[in-house]
Amino acid sequence: MPPNKQLLRFKLCDETLQSIEDASSRTHISKSEIFRLALTSALPQAQTLDLTSKKSIGATRYCNVYVEPSTYQQIQHLAESTPTAKTGSVARGLIEYSVATNTFLPNTK
């Protein structure tokens with residue numbers, strides 16, 4: 001485990017993971033770094049998103065990423081304050097939002 005990092009586990013839909021893999025190969029940014037970018041870019045909008053756990057949404061691809069303790073704590077706090085949410089479902093919701101709105105990569109303009 002990297003020093004001072006927390007392991008975050010979640011599942012993603014095939015389409016979301018494919019978008020991240022495509023972006024990774026196009027930009028040469030690792031998938032793990034894209035996961036971290038997606039999480040941090042979506043955290044400010046987290047209060048407006050539906051982050052509850054949902055059954056049968058098609059999220060079948062297991063993913064792991066090490067994040068900063070502060071990021072993990074923010075995600076954990078969101079999970080604790082949202083009915084039926086779990087840390088993994090909050091992470092998935094944030095990543096899927098970030099990919100859907102195409103805000104997970106830094107603006108290169």
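Structure values in brief
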{"quantity": "GNM top mover of Val99, Val65, Val90 - the chain, alpha-carbon springs below 10 Å", "calculated": "Val65"}
{"quantity": "Note, ³J(HN,Hα) from phi for region 47-52, Karplus 6.51, -1.76, 1.60, rounded to Hz, x at Gly and Pro", "calculated": "5, 9, 9, 8, 10, 5"}
{"quantity": "About the Cα centre, charge dipole magnitude for the chain (Lys/Arg +1, Asp/Glu -1 at Cβ), debye", "calculated": "160"}
{"quantity": "Gyration tensor (alpha-carbon) shape descriptor, region 43-95, a/c threshold 1.5", "calculated": "oblate"}
{"quantity": "Pairwise Lys count, the chain - Cα closer than 29 Å, eight or more residues apart or different chains", "calculated": "14"}
{"quantity": "Thr48-Ser81 pseudo-label distance in nm [points 7 Å out on the Cα-to-Cβ vector]", "calculated": "1.6"}
{"quantity": "Accessible surface of Thr60 - all protein chains present, 1.4 Å probe, nearest 10 Å²", "calculated": "90"}
{"quantity": "Lys86 long-range amide H proximity, modeled H, under 5 Å", "calculated": "Ser53"}
{"quantity": "For the chain, the Rg and Dmax computed from alpha carbons only, in angstrom", "calculated": "13.1, 39"}
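The values are calculated or read from the model by the stated rules, or taken from the named source; none is laboratory data. None of these values were measured; they are calculated from a predicted model. Positions of Cβ are generated from backbone atoms using ideal geometry, with glycine treated the same way; all protein chains shown enter the neighbour counts. Just so you know, the surface numbers come from the protein's heavy atoms only, side chains and all, with ligands and any DNA or RNA stripped out. Shrake-Rupley method; radii C 1.70, N 1.55, O 1.52, S 1.80 Å.
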